[in-house]
Amino acid sequence: MVYVVAQRNARSSKKMGRRFTERNLKMIDEIKNYNNVNGFHLIVINDGQKNSRHETGDSGTGENFDKNIYIHKDWKNRTQDEPHGNINQGDLILFYFGSHARINEKHQKIIKYLCKVTSITQDKTEIKFDRIKELIGITYDELGKIKKTLVKKQIDCSFKKFPQQGKNVTNLSKEEFEFILNADKYLHKNIWLCSLKSDESYAHFEDTVLKSQETSKIPISVEAKLHSHLCVWGTKKTETYLKKWELMQNGDLILFCRSGESKQPLTNYYSHAAVIEGKEENEELAQNIWGTTDDGTTWKLIFWMKPETLSEEYVVMSIFNPIFEYSIENGHEFPGPMQNSPIMKISLENVLGALI
């Protein structure tokens, strides 16, 4: 029955999932301002280099970029640079710094700046621009993972072979441009899933997450006490959980999952989302707010969240799992990512897939 319902909802799941991810990941904040832009481009910046195949000369050198200028004098003489002719005033450019870019050592093999064309000469050899935003940065390796995701989803794209030698400009569709900006924002954030399987765990969740803790009244770190109230959660210190906890970063999103109808795993649902603000190993705090188990252990790998980031959700697994390409088959209490662990990180590839 649950499988039938899941199939019935398959068509609407992507739309519902998009609303869910947009709301929780706060996607495409600035892209709404770009609806009137006609052109989007990806440009390679390399300081002058020569080899037997081509000469990039002074096109887009670091010195020119510092002046907010991009120059490519011989673009008309190079077939592979025909896309350069499509650049116009008002267009948006994402700049990729190649391995020979000497503008800054850390800006090599990375997409780093979003700029807007302010003027362009009649022959289009010189482009002036304003810098709109410095990106977190998509590295060459991360770009490779993006391409693999697109191939897996059988989606063709104009930057499939980017950055290929000798080609300085790639024209993008608005959808490709949005995808790259989204990837820049969410490649660098983890998304964690945390199950609340037992009545005991949910009771703890109610006590210390849904009811925020007054930091002045609990034995918590000085850093945490900078906040008057925090939502507090934790996990036991095992080798597996410690490795995961160590990967948690401030700004990561965490989704909490509850059990749904008995013996119908796909009705399990994500009930709350929050943003991780900090973490600490604190056995005293864990014992103070949750006590210990029969064997004397407690949940001392602590992480905490600001109450204002906590939001109530209702997304069942039959909707959530396909978004992140997890199984919707029955047979597990928590099908998909959490069938073997109560806490886990969604992989980079699955996050990218959800952004498409």
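The values are calculated or read from the model by the stated rules, or taken from the named source; none is laboratory data. None of these values were measured; they are calculated from a predicted model. Here Cβ is always computed from backbone atoms with ideal geometry, including for glycine, and neighbour counts include all displayed protein chains.
Mind listing just one residue for me: the one in region 294-303 that is in contact with a Lys or Arg (Cβ under 8 Å, 6 or more places away or on another chain) and not aromatic (F, W, Y) and, of those, nearest to K225 (Cα to Cα)? Only one residue fits best here, namely I302. In region 212-222, what residues are without any contact (Cβ under 8 Å) to a residue 24 or more places away in the chain and not aliphatic (A, V, I, L, M)? Those that are without any contact (Cβ under 8 Å) to a residue 24 or more places away in the chain and not aliphatic (A, V, I, L, M): E214, T215, S216, K217.
For region 225-259, a residue qualifies if it is among the aliphatic types (A, V, I, L, M) and either more than 16 Å from P307 (Cβ to Cβ) or in contact with a Gly (Cβ under 6 Å, 6 or more places away or on another chain) (or both), and the qualifying residues are L242, L247, M248, L255. Filtering region 165-179 for residues that are outside any loop (DSSP other than H, G, I, E, B), in the same structural domain as N88 (by TED's automatic domain parsing), of a type in the set (D, E) and farther than 30 Å from F324 by Cβ leaves an empty set. The strands (runs of 3 or more DSSP E) falling completely within region 241-330 that include 1 or more residues that are touching a helix residue (DSSP H, G or I) at 6+ places or on another chain (Cβ under 9 Å), farther than 20 Å from S212 by Cα and among the hydrophobic types (A, V, I, L, M, F, W, C) map to 311-316.
Of all the criteria given as (1) closer than 18 Å to L172 by Cα; (2) charged (D, E, K, R); (3) in contact with a helix residue (DSSP H, G or I) (Cβ under 7 Å, 6 or more places away or on another chain); (4) exposed (fewer than 15 other Cβ atoms within 10 Å of the Cβ), the one not satisfied by D81 is (4). With respect to T149, determine if the residue is surrounded by fewer than 16 Cβ atoms within 10 Å (Cβ to Cβ) and either of a type in the set (S, T, N, Q) or outside the structural domain of K174 (by TED's automatic domain parsing) (or both). Answer is no for this residue. Every condition in (1) touching an Asp or Glu at 6+ places or on another chain (Cβ under 7 Å); (2) in a strand (DSSP E or B) holds for C157 except the one numbered (2). Here D74 qualifies as over 23 Å from F177 (Cα atoms) and at pLDDT below 90. The single residue among K236, K225 that is without any contact (Cβ under 8 Å) to a residue 40 or more places away in the chain, assigned by TED's automatic domain parsing to the domain that holds S198 and not small (G, A, S) turns out to be K225. Being modelled with pLDDT under 75, touching a strand residue (DSSP E or B) at 6+ places or on another chain (Cβ under 7 Å) and surrounded by 19 or more Cβ atoms within 10 Å (Cβ to Cβ): is that true of P265 here? It is false that P265 is modelled with pLDDT under 75, touching a strand residue (DSSP E or B) at 6+ places or on another chain (Cβ under 7 Å) and surrounded by 19 or more Cβ atoms within 10 Å (Cβ to Cβ).
The sole residue among T235, T240 that is crowded, with 19+ Cβ neighbours inside 10 Å, within 21 Å of I346 (Cα to Cα) and β-branched (V, I, T) is T235. Looking only at region 177-220, residues that are buried (at least 16 other Cβ atoms within 10 Å of the Cβ) and of a type in the set (D, E) come to 2 in all.
Yes/no per residue for (1) at pLDDT below 85; (2) not charged (D, E, K, R):
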{"residue": "I87", "(1), (2)": "no, yes"}
{"residue": "R102", "(1), (2)": "yes, no"}
{"residue": "V117", "(1), (2)": "no, yes"}
{"residue": "I132", "(1), (2)": "no, yes"}
{"residue": "G137", "(1), (2)": "no, yes"}
{"residue": "L150", "(1), (2)": "yes, yes"}
{"residue": "I155", "(1), (2)": "yes, yes"}
{"residue": "E178", "(1), (2)": "no, no"}
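Conditions (1) within 19 Å of N86 (Cα to Cα); (2) in contact (Cβ under 8 Å) with a residue 12 or more places away in the chain, marked per residue:
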position: L143; (1), (2): no, yes
position: I146; (1), (2): no, yes
position: Q154; (1), (2): no, no
position: S158; (1), (2): yes, yes
position: L172; (1), (2): yes, yes
position: F177; (1), (2): yes, yes
position: I180; (1), (2): no, yes
position: K189; (1), (2): no, yes
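Can you confirm whether W192 is more than 20 Å from G353 (Cβ to Cβ), in contact with a strand residue (DSSP E or B) (Cβ under 7 Å, 6 or more places away or on another chain) and of a type outside the set (K, R)? Judged against the criteria, W192 is not a match. In this entry, A274 passes the filter for residues that are touching a Pro at 6+ places or on another chain (Cβ under 9 Å) and either aliphatic (A, V, I, L, M) or in the same structural domain as D207 (by TED's automatic domain parsing) (or both).
Filtering region 293-329 to residues that are among the polar types (S, T, N, Q) and buried (at least 18 other Cβ atoms within 10 Å of the Cβ) leaves T298, S318, N321.
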